[in-house]
Each structure stands twice: as C-alpha cells, then as structure tokens.
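Notes follow once the structure below has been shown.
The values are calculated or read from the model by the stated rules, or taken from the named source; none is laboratory data. In this text the structure is predicted, and so the values were computed from the model without any measurement. No Cβ is skipped: glycine too gets one built from the backbone with ideal geometry, and neighbour counts run over all protein chains shown. Protein only, heavy atoms only, side chains kept; ligands, DNA and RNA dropped before computing areas. Shrake-Rupley method; radii C 1.70, N 1.55, O 1.52, S 1.80 Å.
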Amino acid sequence: MPQAYERYLVPVLFRPFAADLAARAAALRPRRILELAAGTGVLTSDLLAAAPSAEVTATDLNEAMVGFGSSRAPGARWRQADAQRLPFPDGGFDLVVCQFGVMFFPDRVAAFTEVRRVLAPGGHFLFNTWGPIAAHAFDAAVQAGLERAFPQDPPRFLPTVPHGYADPAVVAADLVAAGFAVEEERELTLAGRAASAPDVATGFLTGTPVRGAFEERGGGAEARAVIIAETTARLGPGPVVAPMTAYVFTGAA
C-alpha cells in the first residue's frame with residue numbers, strides 16, 4: 001500500500017498542499033518540529049528543505065509508512081507513534097505539523113491535548129483537513145465510481161473519514177477544547193494534476209483503505225472497470241487538472 005499510495009496519490013493530492021504547509025511552517029521559524037501522520041514523507045521532505053536549520057521528527061502510527069518514509073526523507077528522525085499517546089516529553093517542540101492526518105484520530109480532542117502537552121509555551125500546531133468531498137474533484141469522482149459499482153452497499157471511507165472532519169467550526173471547537181487559541185483558519189483550494197483518471201482510481205483501489213472495502217465486497221476486474229470508467233467520465237481522458245479544497249489551521253499554545 002505505501003508504494004501505491006506514493007506512486008499514484010501523493011503527487012496528485014498531497015504534494016501541492018505539502019508545499020503550502022511547509023512554507024507556512026518555515027514562516028514560524030521553528031527550531032524543533034514534530035510531524036504527525038507523516039505517511040510516506042511528502043511533507044517531511046518539504047519541511048527539511050523549507051526549514052533547513054530545524055530538527056524534524058517525523059512520526060506515523062503505521063510501521064510500514066515509517067519504514068517507507070524514512071528511506072524517502074532520511075534527514076528527519078523517524079519514529080512510530082500514536083498521536084493520542086505521544087512518546088515525547090512535555091514542551092519538547094515549538095511546532096507540531098500534520099498534513100491530512102487529524103481526520104484519522106479516533107479522539108481528536110485527546111490527540112490535540114497531547115499536541116498541546118509536547119509544545120513549548122508560545123509554540124504552534126499547524127495542520128490541514130479536507131473540505132467536503134463535493135469540493136474535491138478526484139475523491140468525488142472515485143466515490144461516484146464506487147457507488148456505481150456497488151449500488152447496494154458502496155464503500156463509505158472517503159466521505160466519512162478523509163472528508164468526515166470538514167466543518168471548520170467543529171475543528172476550531174476541538175482545538176479550543178484542547179487548550180489552543182485558534183490563531184488562523186483559512187480555506188484553500190489548489191489544483192491537483194494526474195497523468196490520467198485511471199491512475200487516480202488505481203491509487204485509491206490499491207493504496208488506501210478503500211482497497212479493503214473493495215475486496216470485502218468481492219470486487220474484481222469488472223467492478224474495477226466500472227470505477228475507472230466512472231472516474232474517467234467525470235474527470236476526462238488524458239492528463240487531468242482538477243480543484244481540491246482544504247482548510248488550514250494554526251493553533252497557538
């Protein structure tokens with residue numbers, strides 16, 4: 001899964017926002033950065049380039065992602081870690097960053113409280129979340145394909161998890177509940193660029209939890225073809241450029 005995720009999805013969905021988040025991080029002039037849910041290291045690499053004097057510690061819950069990411073961004077210190085039980089001392093970092101990972105935390109207030117604990121006074125928590133799935137052309141197209149292939153019981157991972165934390169008021173309230181002041185909240189729409197719609201569909205079907213849901217429903221070559229056809233019908237043939245909307249938050253400790 002990490003290899004498929006890195007090949008098909010990272011360049012399209014995550015690299016544009018990684019560049020944005022790294023620039024915002026560098027503007028805060030951090031010395032000690034902790035990254036949560038670092039995945040395969042796309043943001044990690046950009047942080048190392050944008051803030052070369054900072055010490056970067058990258059973490060992920062998934063050991064396979066840690067292994068893959070550490071080979072991709074070896075300039076960071078990599079460690080497996082649960083965001084709700086961070087294995088770091090109080091006040092050890094002046095910036096915590098997370099790219100599209102907070103949606104996966106089972107208890108977000110608990111995770112944010114842990115982030116607050118490991119931040120030094122005056123530190124910042126910088127992260128982004130996806131907006132509604134309707135505002136993300138790639139994810140909406142793939143979800144439409146899943147609903148066409150499995151009309152009775154379509155996989156709901158995309159709308160309920162990556163796009164299940166899409167109300168900025170809820171996110172801001174969780175930050176405040178964890179002891180943060182919401183310093184900035186911004187809606188951001190960037191363009192994603194894919195070689196083809198089939199590549200995007202393949203990425204979701206092989207490099208994300210959609211894969212398990214697809215296989216549980218007995219998905220095979222025919223269902224895959226339906227999903228690819230619907231994704232292509234919505235995004236178009238050939239190279240694809242499409243909008244993706246997210247929210248960016250900065251919490252002050």
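Data table
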item	result
For the stretch 174-241, average projected area of the Cα convex hull in nm²	7.2
Listed residues Thr206, Thr40, Thr59, most fluctuating in the chain (Gaussian network, C-alpha, under 10 Å)	Thr206
Sorted largest first, extent of the stretch 202-242 alpha carbons per principal axis (Å)	31, 19, 11
Between 0 and 90°, nearest 10: helix 197-207 axis offset from the chain longest Cα axis	60
Cα long-axis angle, helix 221-235 against the chain (0 to 90 degrees, to the nearest 10)	70
Extended-chain gain in nm, criterion 0.36 nm per residue less alpha-carbon gap, Asp153 and Ala173	3.9 nm
From phi via Karplus (6.51, -1.76, 1.60), per-residue ³J(HN,Hα) for the stretch 27-34 in Hz, x at Gly/Pro	5, 7, 6, x, 10, 9, 10, 10
Angle in degrees between helix 168-177 and the longest Cα principal axis of the chain, rounded to the nearest 10	30
Value at 222 nm in deg cm²/dmol, rounded to 500, when DSSP H runs of n ≥ 4 in the chain each add -39,500 (n - 2.57)	-12000 deg cm²/dmol
Intensity falloff of the stretch 1-120 expressed as log10 I(q)/I(0), Debye formula with alpha-carbon point scatterers, at q = 0.19 Å⁻¹	-1.00
Efficiency of FRET from Cβ geometry, Glu184 and Arg31, R₀ 22 Å, rounded to 0.05	0.60
Extension gain, Asp107 back to Met1 (0.36 nm per residue minus Cα-Cα distance, nm)	35.7 nm
Max mean-square fluctuation residue, GNM over the chain, Cα-Cα springs under 10 Å, options Leu190, Leu95, Leu119	Leu190
Cα lying deepest toward the dipole's positive end in the chain, options Ala25, Cys98, Ala197, charges on Cβ	Ala25
Per residue, in Å², the accessible surface of the chain once ligands and nucleic acids are set aside, probe 1.4 Å	41
Cα pair distances exceeding 15 angstrom across the stretch 146-191, given as percent	63
Descending principal axes extents, the stretch 80-181, alpha-carbon based, whole Å	50, 27, 20
Sulfur and carbon atoms: percent of accessible area, the stretch 95-225 [1.4 Å]	53
